[in-house]
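**Student:** Take a look at this one; I'll ask things after.
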Number of protein chains: 4
Amino acid sequence: MLRVGIIGYGYWGPNLARNFHRHPGCQLKLIADLDLGRLQKAAADVPGVHVTASVNDAVNARDIDAIIIATPIRTHFRIALAALKADKHVLVEKPMAASVSDCETLIAEAERRGLTLMVDHTFLFTEAVQTMKKLAVELGDLYYFDSVRANLGLFQRDVSVVWDLAPHDLAILHYLVELPVDAVTATGACHAGSRVPNIAYLSLELGGGAMAHFHVSWLSPVKSRRIVVAGSRKMMVFDDIETSEKLKVYDSGVSIKHDNEDGEYRMQVDYRTGDMVSPALANREALQSEVEHFLRCIDRQEKPLSDGQGGLAVVRVLEAAQRSLERNGERVLL
Amino acid sequence: MLRVGIIGYGYWGPNLARNFHRHPGCQLKLIADLDLGRLQKAAADVPGVHVTASVNDAVNARDIDAIIIATPIRTHFRIALAALKADKHVLVEKPMAASVSDCETLIAEAERRGLTLMVDHTFLFTEAVQTMKKLAVELGDLYYFDSVRANLGLFQRDVSVVWDLAPHDLAILHYLVELPVDAVTATGACHAGSRVPNIAYLSLELGGGAMAHFHVSWLSPVKSRRIVVAGSRKMMVFDDIETSEKLKVYDSGVSIKHDNEDGEYRMQVDYRTGDMVSPALANREALQSEVEHFLRCIDRQEKPLSDGQGGLAVVRVLEAAQRSLERNGERVLL
Amino acid sequence: MLRVGIIGYGYWGPNLARNFHRHPGCQLKLIADLDLGRLQKAAADVPGVHVTASVNDAVNARDIDAIIIATPIRTHFRIALAALKADKHVLVEKPMAASVSDCETLIAEAERRGLTLMVDHTFLFTEAVQTMKKLAVELGDLYYFDSVRANLGLFQRDVSVVWDLAPHDLAILHYLVELPVDAVTATGACHAGSRVPNIAYLSLELGGGAMAHFHVSWLSPVKSRRIVVAGSRKMMVFDDIETSEKLKVYDSGVSIKHDNEDGEYRMQVDYRTGDMVSPALANREALQSEVEHFLRCIDRQEKPLSDGQGGLAVVRVLEAAQRSLERNGERVLL
Amino acid sequence: MLRVGIIGYGYWGPNLARNFHRHPGCQLKLIADLDLGRLQKAAADVPGVHVTASVNDAVNARDIDAIIIATPIRTHFRIALAALKADKHVLVEKPMAASVSDCETLIAEAERRGLTLMVDHTFLFTEAVQTMKKLAVELGDLYYFDSVRANLGLFQRDVSVVWDLAPHDLAILHYLVELPVDAVTATGACHAGSRVPNIAYLSLELGGGAMAHFHVSWLSPVKSRRIVVAGSRKMMVFDDIETSEKLKVYDSGVSIKHDNEDGEYRMQVDYRTGDMVSPALANREALQSEVEHFLRCIDRQEKPLSDGQGGLAVVRVLEAAQRSLERNGERVLL
């Protein structure tokens, strides 16, 4: 039975703890946090768990096989590296680390030691995204991926809205669309006294003429969580605000023919508007599926669906977007 | 009684004709189009109207005081200039012309002759935008203007989606927000065999740290027509797809305080979520209000709400966006 | 070529006129109305049409083959009967007449003379209802039909909301569901100074344990036009307020098994929640399809889809509902 | 500090337990249920709580001041009466009891002993209903109350959909509208093998010409939870499915004038369509407010907002509705 320790018991840690605690295939043995109040809460939430304020002790605990990291972004690399070096499997909160080179170091360390390194891209484990993945082959050639994730709130102090919200949608892009990101252009603004951008727009050039665009915002009067994936044959819309029919697949499209008969240029456009299908989605908590996946990947030494490479791909775009933002929207090649 | 001639009887011309025909303050005397079938339709639609295939005759007709131009964009400048030189008032379809310099020439010509030059930015005359204009002062400092105008269809052959759809929202931005546009960054793509971009994202730097963003698309599975205008005190959402409650005003916002007491940096964020008000909107056709406004501006020699300067402001951004698109999203300063 | 006369040029008459006028298979020769202003409008709308204030002349005009009746309900019977007796085919506005016996007289007269008698149940000719009819066989056994048609406005002076709004949905029920109506219970109220009920609820017992319910209102703050048809295998929702995806078919249901093993009663409920499909609907004006259907039925002597029997079925329920309303919701057997 | 025992740990019991457990003003000491599995869960959920399979022991426990009853409806009366007779305060799940006379007995017993008897009409404690109560005075004279509560699922075995779902909306009606219910007419049907009605429509005659209508269903393809309260001056819509803007207040209405000048009857209708306001609602769990209210009522000997009389009013309508259903929609006077 896998023995698990969680480091970080702030906003997300309790959700991880609840799911690891109730999973019969592992044992949640330890929770670490620097804050005493949080440790008390951890002790109350998980009967019998060992709590500690020492990250070092946690990472090196003898009776722990896997470390789950739910701390602020800037600490991910240091803790994950220490855990890997102590021969623990690692599941790290998104984004994987604060830089591409840190991600690469972690990947190399995990590979060298044959350890599982997984990134907590929770959305990949939702029924909606799993269903999108199955349907992606029906879309034909990818035209574009367009995402909006906006809300009023939680302004962060040390990371911009790009590092906070975009990882969700970038991870979904990377999972659904197996195309390289060639370039990133990002614009944004700091409002209401914020020192980091609280609204940003990312434009990505993908291979094959496709593009992706991300609108992330902490300052929207209405909540939006919507992804459109459009292909040459079909288009999908995933609207996570909806309480039902979150995913819709449109059998719609356009095709254009150009001809030049008798010396005159003509363009003929055919629109196709077919049925829309909203697939039934099972009602399962994503985090539960993710915990199960993590345990199975460790057990069978399989590559996680959200492995280090996926985490790296996301951070690569985040890093480029930040550089673009700092240079007033300059195009950054990858 | 003002005597009016319409040039161009394709998609939009019949709407203009219907509204000028039924207005008691003017007389629709002439309709010109190169296509004979359209002229037949014009003659059937407007009893007693004179029809002609000669734009030249129309522009120079002695018994006409004002020329309404609803022809393809590339012909706007030539026809409008000829009409002004023949001492006619001019109402020209959006966008005003295909270049900034053309717009400037038209403005100068109209001014020299004391003629009314108005651009058909129809949306400015909707009850929704008129109400937004009244409410704009309550928003406080502008944070951002965000617009999405997307649909499946009408691919155009010779102009991109930027020149086709963005003028609507750029005109609304210019009307509501009296801030200069300092720079434009645009990205987009050509899909489905299109030779011009059919999806594009425009990012505008406005004075005072505010920004604007426009998403225009001919290739969306679902129709969207939504504008968010967010200020330091209130935020407005105009959703033109809704059949009722198109406009919503949110008494919501965020304010952030930073302090550095006892050597440690702290950030305090206050969220305010107040009531939402959806103002009742009168049910009047925008084009009818616009025709009335055009006639009154001529009669009283008043500056139209959508005058040449407004048309120029829109074209200035379109031109910059096109340049940015051609240079892979390079930032273009204005 | 069939020669057509329209009697009544108030709210609905102009729509009928436009569609008959532009159909190539008939000739709109005559429009009658008691109001001179309306006759002037008719003359302007339909070039060359003959107008008259004499219903008698219209009904007996020698050069007319079919009479379209768009007058107040209480006059339907008299005019329709006169038209049939003058050997004209008849299309009469809904509801067909003010009583069951009047409907029966009209049906008998039309049959005796071999004339086409059709009722203008326009909704039956919408793409949505046509598609519902095709899909109805997939529903399994009918469980219930539930409809809400509510709005703020058009209070009528002489007929209640039941006679005004319920005919639409009753006609759809009759068309989709081939079950007899066994009993009607209706409740309602008169508000805001109205002397006839402006809100009403109709409950119908259908054969086979199925039921139907109708909520009609002139006094709702929000507009609703929604029909649910639920069967043992599938369920359909038609929401006519939606601008897209008006029709949705749910592959969902419930089945219950009772058993009594080992002396204890048990009930097992199985819920099935499958995909939802929203069929693409062609974008055709219902009235245009209806005019075409009327002409073809006359030409080929076919039974109209909304024939006298359909009109009678609707009036039978209306009459029973009115009786129930007058008797405080007493159940009225049919 | 008030000492609390909960009887019944099925669907709703754990929610009650969680809220009583975490409230600092009371002590959750005991949980009773006949099912051992549930008792184990209770023991795990509430550290230190005493669990028992004996309802009798629970009701008579010496160290308990208040009993919370979350058992099946048919047992409410017996347990509540025993608890009152053991001098405990009582909070009983809705509906209060299975008959009017049982409710009356409980009320009398509580009064005689000076004990607090409260019914768990949770919705009354939501921010939405609290806000509706405050706004109710602005509505003018009540015209109607219309409610729809429909879903696919939870078919019950021993009670009909009326006893299961209608108490929520009947309690809201009773709380918002201080008008007597004069008569009830109910229709419904049993589908899918159910032996009790799974869909029902209740029509209530209220004093002063107002009416109320309730649509409850376990067999709807889409979830609905919507209440409209319409008055002579304003109308409110509470849509509990919405994730935001659940409550909307419309400044809309109709007024009708009749006159009889110069011998001819005329009816003039004025429609007023004003702004819509959606009040901001605090984000507080209703059950938490309810627990607080229960404790305060006991402490200060105040009448609960959902007291026995409220519970009785609801059961009175339920009983009448059931009788009406059994008699095919016969009108039942109260």
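**Student:** Could you give every pair whose Cβ atoms fall below 7 Å, whose first residue belongs to region D:153-169 and is over 15 Å from D:HIS121 (Cα atoms), and whose second residue is aromatic (Phe, Trp, Tyr) and open to solvent by 20 Å² or more (accessible area, probe 1.4 Å), counting only separations of at least 6 or pairs across chains?
**Tutor:** From residues that are over 15 Å from D:HIS121 (Cα atoms), the pairs are D:GLY153/C:TYR271.
**Student:** Does at least one position in region A:5-15 carry a residue that is within 22 Å of the chain's Cα centre (by Cα), more than 25 Å from A:GLN288 (Cα to Cα) and in contact (Cβ under 8 Å) with a residue 24 or more places away in the chain?
**Tutor:** no
**Student:** Moving on to the next point. Quick check on A:ASP275: is it open to solvent by 20 Å² or more (accessible area, probe 1.4 Å), over 16 Å from A:GLU127 (Cα atoms), at pLDDT 95 or above and touching a Pro at 6+ places or on another chain (Cβ under 7 Å)?
**Tutor:** yes
**Student:** Taking the condition within 12 Å of chain C (Cβ to nearest Cβ), of a type outside the set (Val, Ile, Thr) and not in a helix (DSSP H, G or I), does D:ALA280 pass?
**Tutor:** no
**Student:** Can I ask one more? When you go through A:ALA17, A:ALA44 one by one, which is the residue that is open to solvent by 40 Å² or more (accessible area, probe 1.4 Å) and not in a loop (DSSP other than H, G, I, E, B)? Talk me through it step by step, then tell me what you get.
**Tutor:** Values: A:ALA17 fails: open to solvent by 40 Å² or more (accessible area, probe 1.4 Å).
Within the list A:ALA17, A:ALA44, the selection yields A:ALA44.
**Student:** Restricting attention to region B:211-253, and to residues there that are of a type in the set (S, T, N, Q) and over 25 Å from A:PHE238 (Cα atoms), which single residue is modelled with the lowest pLDDT? I'd like the intermediate steps shown before the answer.
**Tutor:** Filtering region B:211-253 down to residues of a type in the set (S, T, N, Q) leaves B:217, B:220, B:224, B:232, B:243-244, B:252.
Narrowing further to those that are over 25 Å from A:PHE238 (Cα atoms): B:232, B:252.
On the way: B:SER232: 94, B:SER252: 91.
Once the filter is applied, the top-ranked residue is B:SER252.
**Student:** Is there a residue in region C:156-166 that is among the hydroxyl-bearing types (Ser, Thr, Tyr), within 7 Å of chain D (Cβ to nearest Cβ), assigned to a loop (DSSP other than H, G, I, E, B) and open to solvent by less than 30 Å² (accessible area, probe 1.4 Å)? So that I can check it myself, show each step before the final result.
**Tutor:** From region C:156-166, those among the hydroxyl-bearing types (Ser, Thr, Tyr) are C:160; that's our starting set.
From what is left, the residues that are within 7 Å of chain D (Cβ to nearest Cβ) are none.
No, the conditions are met nowhere in region C:156-166.
**Student:** Same structure again: Read through the list (1) closer than 30 Å to D:MET1 by Cβ; (2) under 22 Å from the mean Cα position of the chain (by Cα), then give the number of the only condition that D:ILE227 fails.
**Tutor:** It fails just one condition, (1).
**Student:** Shifting gears a bit: Select from region A:223-250 the residues that are touching a residue at least 24 places away in the same chain (Cβ under 8 Å) and assigned to a loop (DSSP other than H, G, I, E, B) and write down the one among them that is farthest from A:ARG272 (Cα to Cα).
**Tutor:** It comes out as A:ASP240.
**Student:** Go through region B:286-334 residue by residue and tally those that are part of a loop (DSSP other than H, G, I, E, B) and within 14 Å of another protein chain (Cβ to nearest Cβ).
**Tutor:** Qualifying residue count for the region: 6.
**Student:** Something else: For B:GLY188, state whether it is at the interface with chain A (Cβ under 8 Å from one of its Cβ atoms) and without any contact (Cβ under 8 Å) to a residue 12 or more places away in the chain.
**Tutor:** It is false that B:GLY188 is at the interface with chain A (Cβ under 8 Å from one of its Cβ atoms) and without any contact (Cβ under 8 Å) to a residue 12 or more places away in the chain.
**Student:** Scanning for something in contact with a Phe, Trp or Tyr (Cβ under 9 Å, 6 or more places away or on another chain) and open to solvent by less than 30 Å² (accessible area, probe 1.4 Å), does region B:55-68 turn up at least one residue? Reasoning before the result, please.
**Tutor:** Looking only at region B:55-68, we keep the residues that are in contact with a Phe, Trp or Tyr (Cβ under 9 Å, 6 or more places away or on another chain), and these are B:66, B:68.
Of the ones still in play, those that are also open to solvent by less than 30 Å² (accessible area, probe 1.4 Å) are B:66, B:68.
Within region B:55-68 (the criterion being in contact with a Phe, Trp or Tyr (Cβ under 9 Å, 6 or more places away or on another chain) and open to solvent by less than 30 Å² (accessible area, probe 1.4 Å)), the answer is yes, since at least one residue qualifies.
**Student:** Something else now. Could you check region C:190-205 and list, in sequence order, the residues that are hydrophobic (A, V, I, L, M, F, W, C) and open to solvent by 10 Å² or more (accessible area, probe 1.4 Å)?
**Tutor:** C:CYS190, C:ALA192, C:VAL196
**Student:** Select from region C:120-149 the residues that are outside any helix (DSSP H, G or I) and either surrounded by fewer than 18 Cβ atoms within 10 Å (Cβ to Cβ) or in contact with an Asp or Glu (Cβ under 7 Å, 6 or more places away or on another chain) (or both) and list them in ascending order.
**Tutor:** Going residue by residue through region C:120-149, those that are outside any helix (DSSP H, G or I) are C:120-121, C:126, C:140-149.
If the condition is that a residue be outside any helix (DSSP H, G or I) and either surrounded by fewer than 18 Cβ atoms within 10 Å (Cβ to Cβ) or in contact with an Asp or Glu (Cβ under 7 Å, 6 or more places away or on another chain) (or both), then C:ASP120, C:GLY140, C:ASP141, C:SER147, C:ARG149 are the ones that fit.
**Student:** A further question follows. Just the residues that are more than 26 Å from C:GLY274 (Cβ to Cβ), assigned to a strand (DSSP E or B) and under 18 Å from the mean Cα position of the chain (by Cα), please, taken from region C:194-222.
**Tutor:** C:ALA200, C:TYR201, C:LEU202, C:SER203, C:LEU204, C:PHE214, C:HIS215, C:VAL216, C:SER217
**Student:** Please work out if C:GLN301 is surrounded by fewer than 14 Cβ atoms within 10 Å (Cβ to Cβ), within 18 Å of C:VAL119 (Cβ to Cβ) and of a type in the set (S, T, N, Q).
**Tutor:** yes
**Student:** What number of residues in region A:23-38 are surrounded by fewer than 21 Cβ atoms within 10 Å (Cβ to Cβ) and farther than 20 Å from D:ALA44 by Cα?
**Tutor:** Residues meeting the conditions: 5.
**Student:** Kindly indicate whether any position in region D:259-269 is assigned to a loop (DSSP other than H, G, I, E, B), away from chain C (no Cβ under 11 Å) and surrounded by fewer than 20 Cβ atoms within 10 Å (Cβ to Cβ).
**Tutor:** Scanning region D:259-269, I find at least one residue that is assigned to a loop (DSSP other than H, G, I, E, B), away from chain C (no Cβ under 11 Å) and surrounded by fewer than 20 Cβ atoms within 10 Å (Cβ to Cβ), so the answer is yes.
**Student:** Given the conditions (1) open to solvent by less than 30 Å² (accessible area, probe 1.4 Å); (2) within 8 Å of chain D (Cβ to nearest Cβ), which single one is not true for C:LEU176?
**Tutor:** (2)
**Student:** State yes or no: is C:ARG226 more than 9 Å from chain D (Cβ to nearest Cβ), of a type outside the set (Gly, Ala, Ser), open to solvent by 10 Å² or more (accessible area, probe 1.4 Å) and over 28 Å from D:GLY231 (Cβ atoms)?
**Tutor:** Answer is no for this residue.
**Student:** Quick one: in region B:233-258, which of the residues that are among the small types (Gly, Ala, Ser) and more than 19 Å from A:ARG157 (Cβ to Cβ) is surrounded by the most Cβ atoms within 10 Å (Cβ to Cβ)?
**Tutor:** B:SER252
**Student:** Continuing with this model, one more query. Take B:ILE241 and decide whether it is over 30 Å from B:GLU104 (Cβ atoms) and either more than 20 Å from the chain's Cα centre (by Cα) or within 13 Å of chain A (Cβ to nearest Cβ) (or both).
**Tutor:** no
**Student:** May I pose another question? Tell me which of these C:ARG112 doesn't satisfy, since it passes every other one: (1) under 28 Å from C:LEU333 (Cα atoms); (2) open to solvent by 30 Å² or more (accessible area, probe 1.4 Å); (3) of a type outside the set (A, V, I, L, M, F, W, C).
**Tutor:** Here C:ARG112 meets the rest and fails (1).
**Student:** Among D:HIS89, D:HIS76, D:HIS121, which is the only one that is under 23 Å from D:GLU290 (Cβ atoms), at pLDDT 95 or above and in contact with a His (Cβ under 9 Å, 6 or more places away or on another chain)?
**Tutor:** Among D:HIS89, D:HIS76, D:HIS121, only D:HIS121 is under 23 Å from D:GLU290 (Cβ atoms), at pLDDT 95 or above and in contact with a His (Cβ under 9 Å, 6 or more places away or on another chain).
The values are calculated or read from the model by the stated rules, or taken from the named source; none is laboratory data. No experiment lies behind these values; they were computed from the predicted model shown. Virtual Cβ from ideal backbone geometry, glycine too; neighbours counted across all protein chains shown. Heavy atoms of the whole protein, side chains included, go into the accessibility calculation; ligands, DNA and RNA do not. Shrake-Rupley method; radii C 1.70, N 1.55, O 1.52, S 1.80 Å.
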